[in-house]
Amino acid sequence: MDSEIKSILKRNLEDVYATMGAACARVDRSLRDVTLVSVTKYVDSTVISALYELGVRDFGESRPQVLWEKGPKLPADCRWHMIGHWQTNKVRRSLPFVSMAHSIDRMELAELVSAEAMRIGRRIPALIEVKLVGDEAKHGFSPTEIREEIEHLNRLQGLSLQGLMCMASLEASPVACRATFRELRELRDELNRTHSTMTEFRSLSMGMSDDFEVAIEEGATHIRVGSRLFEGIDR
């Protein structure tokens, strides 16, 4: 890879980590408690390899067919996060690459991923996607649906449910984003209180390039950052 491009990546990565650290410090959290998921859907395997060389191991893809292409080209210790809407006909081929599924957004998908995971002898770490904004393009269970279905979801043996995921509105102000992220955290805490027999939900996947600072302040354990990392690189 061109040394200038790698230098840009290194600078961007250091800037993101510094911003993450400052957000953690403001709310007395440890940077170790927040996982940076590098969203790589617009960059090729060469750029991802450079990030890997800089120490990044967690990568997020929203399109399964792209994951099929990139996954075999990268080292085996890469952790691939499925962060986009997952069509059921793409689950079987994708699942061997997936370390964590962030976008379990409907019961049909949850049941299929569980069944496929069991078929290949795995239990997939998974997050339930919750729709908290009125954007028709967004997917996910409503908070009411989560409350009604959480026991059934928790019984799916191929899933290791670890928490919740959401997306704020792309047009929202920082104040509105904060309200969305806080609502997700409060829903997670409610589920932990009211369903004490299930494994405690600890994870919150929320926050992207423009709003991850606010997400961290509101309790994010996983942030999904793309454009901020690749700024200045011809992708």
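What are the residues in the stretch 32-56 that are farther than 16 Å from K6 by Cα, surrounded by 15 or more Cβ atoms within 10 Å (Cβ to Cβ) and not β-branched (V, I, T), if any?
Of all residues in the stretch 32-56, those farther than 16 Å from K6 by Cα come to 32-37, 39, 41-42.
The next check asks that each one be surrounded by 15 or more Cβ atoms within 10 Å (Cβ to Cβ); those that pass are 34-37, 39, 41.
L36, K41, listed by residue number.
Output the residue which, of all residues in the stretch 34-51 that are touching an Asp or Glu at 6+ places or on another chain (Cβ under 9 Å) and among the hydroxyl-bearing types (S, T, Y), is modelled with the lowest pLDDT. Break it down stepwise before answering.
If we filter the stretch 34-51 for residues that are touching an Asp or Glu at 6+ places or on another chain (Cβ under 9 Å), which is where we start, we get 35-41, 45.
Now restrict to residues that are among the hydroxyl-bearing types (S, T, Y): 35, 38, 40, 45.
On the way: T35: 98, S38: 98, T40: 94, S45: 91.
Top of the filtered list is S45.
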Selected residue (criterion: farthest from the chain's Cα centre (by Cα)) from residues of the stretch 134-158 that are closer than 21 Å to A220 by Cα and surrounded by 21 or more Cβ atoms within 10 Å (Cβ to Cβ):
F141
Which of the following residues is under 28 Å from R11 (Cβ atoms) and of a type in the set (S, T, Y): S62, S94?
S62
Restricting the stretch 4-19 to residues that are loosely packed, with under 15 Cβ neighbours inside 10 Å and at pLDDT below 95, which is nearest to A76 (Cα to Cα)?
S7
Do you know which residues across the stretch 81-102 are in contact with a Gly (Cβ under 6 Å, 6 or more places away or on another chain) and of a type outside the set (A, V, I, L, M)?
H81, F97
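One residue is enough: does the stretch 20-31 have a residue meeting the conditions at pLDDT below 95 and either within 15 Å of V225 (Cβ to Cβ) or in a helix (DSSP H, G or I) (or both)?
So in the stretch 20-31, the residues at pLDDT below 95 come out as none.
No, because not a single residue in the stretch 20-31 is at pLDDT below 95 and either within 15 Å of V225 (Cβ to Cβ) or in a helix (DSSP H, G or I) (or both).
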Pair list, Cβ < 8 Å and 6+ apart or interchain, from the stretch 56-79 residues that are touching a residue at least 24 places away in the same chain (Cβ under 8 Å) to residues that are of a type in the set (F, W, Y) and part of a helix (DSSP H, G or I)
L67/F97; W68/F97; G71/F97; L74/Y52; C78/Y52
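The values are calculated or read from the model by the stated rules, or taken from the named source; none is laboratory data. Treat the numbers as computed from the prediction; the structure is a model and nothing was measured. Heads up, the Cβs are rebuilt from the backbone with ideal geometry, glycines too, and the neighbour counts pull from every protein chain shown.
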